[in-house]
Ligand SMILES: Nc1nc2c(c(=O)[nH]1)N[C@H]1C(S)=C(S)[C@@H](COP(=O)(O)O)O[C@H]1N2
Ligand SMILES: [Mo]
């Protein structure tokens, strides 16, 4: 309670003391266009569901998750400090960093809390739906090359990253450590480019960590410091935040943080971008499509069901984003009139498939329950409903009615007087449809 009021107050002061805060505020306005805004300051933006149709997420649709206000890092004075269990502590300028071999990969980054809003019972935290995830082309240098230059010692077991963002109030700094094994992986990067552009401010300019396959919380932004430790980092975001029991627990239970492990790999998951929930489709050829990804264990396949999970058929992967990227997928559906529960499920190379039921955990991390999209497929004739009735208003006005066929006829006649166009040969069909669907 007191935490929120502190935040609220600061946000308020920030907004009114115009000049000082003007720049970050404007930036989030620009970026938030077309996004689901969870918070403007700190900046927390979610990608809308259509984003899952894109093989690479454009920067202006890429989600943003910042625990603190977005810092502006001064490039002139910037240097990356490397310290701890190393023989030669370093302070490297960006220019020198860029002299190391350049590497690139397409990598999906998913916030550990993505999908939190779907858990029951609810828990505090950003109420992400599907879009706390994005897939970008990252370019930079290998973390291992930097660590080698600093002469990492055998005593080094964990690597903690520090960013330039300053804590809001007395909230702990955002710092995360990863085990040395993952840090030495040639795919773990320090990125200064995203989708061929200099890393944008919201995404960590000038430098961020890229930890392929692992939750976004490890991908520290505005990176200023790397410290090699002989044990796991003991800060708040390791010991209290971003911990998972490693299995489902009875919904609503409190679990001792000591019984949980830091979130590392994300889990295999697929999202349906089209059709959307509660859509009305015309019978015939229809497209079911979306994106799927996995973490440490590679994605193996995506399947689609149109009968609530009773039977499954393979979807076609339509991108080639490599080992760490998400893949877009597509399924050609010959839709016959009826009501459907459309689902997609992804399976990883170990044979693990997304679950049908939630496996609850206290902070609502790693949601990957199979998504269900309800759609109604109408006979071609009843598509008169779509073309004649959903032009001026949507279904909301119609849904609430419980009318007999005779009442529907009077209603349709009234709409025709108001400008609706109902072809004469389709009126009977339309009335059958309305009377069957919205009846007393
Ligand atoms: N310095 C810093 N790095 C950070 C964060 C942060 O608040 N501060 N948020 C982390 C979290 S929880 C996620 S999910 C990703 C989000 O990265 P994005 O905003 O580029 O999508 O950044 C991570 N890196
Ligand atoms: Mo996150």
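The values are calculated or read from the model by the stated rules, or taken from the named source; none is laboratory data. The shown structure was predicted, so the numbers you read here are calculated from the model rather than taken from an experiment. Cβ placement follows ideal geometry from the backbone for every residue including glycine, while neighbour counts extend to all protein chains displayed.
Summary of values
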{"read-out": "Hits in the range 205-225 (condition: near ligand 1 (Cβ under 9 Å from one of its atoms), in contact (Cβ under 8 Å) with a residue 60 or more places away in the chain and closer than 15 Å to residue 109 by Cβ)", "value": "209, 215, 216, 217, 219, 221, 223"}
{"read-out": "Yes/no for residue 288 being closer than 16 Å to residue 373 by Cα and at pLDDT 95 or above", "value": "yes"}
{"read-out": "Checking residue 218 against (1) under 22 Å from residue 49 (Cα atoms); (2) out of contact with any helix residue (DSSP H, G or I) (no Cβ under 6 Å at 6 or more places or on another chain), the condition it does not meet", "value": "(1)"}
{"read-out": "Qualifying residue in the range 181-199 (condition: without any contact (Cβ under 8 Å) to a residue 40 or more places away in the chain, crowded, with 21+ Cβ neighbours inside 10 Å and within 13 Å of ligand 1 (Cβ to nearest atom))", "value": "yes"}
{"read-out": "Candidate set: the range 57-69, residues that are more than 8 Å from ligand 1 (Cβ to nearest atom) and within 13 Å of the chain's Cα centre (by Cα); chosen: the one nearest to residue 167 (Cα to Cα)", "value": "61"}
{"read-out": "Count of the range 249-273 residues which are out of contact with any helix residue (DSSP H, G or I) (no Cβ under 7 Å at 6 or more places or on another chain) and either within 16 Å of ligand 1 (Cβ to nearest atom) or closer than 24 Å to residue 108 by Cα (or both)", "value": "9"}
{"read-out": "Given (1) surrounded by fewer than 22 Cβ atoms within 10 Å (Cβ to Cβ); (2) closer than 20 Å to residue 174 by Cα; (3) more than 14 Å from ligand 2 (Cβ to nearest atom), number of the condition residue 264 does not satisfy", "value": "(3)"}
{"read-out": "Pair list, Cβ under 7 Å, 6 or more apart: the range 158-176 residue within 14 Å of residue 210 (Cα to Cα), other residue assigned to a loop (DSSP other than H, G, I, E, B) and within 14 Å of ligand 2 (Cβ to nearest atom)", "value": "161/220; 163/174; 163/220; 163/221; 176/220"}
{"read-out": "Condition check for residue 312: crowded, with 16+ Cβ neighbours inside 10 Å and under 20 Å from the mean Cα position of the chain (by Cα)", "value": "no"}
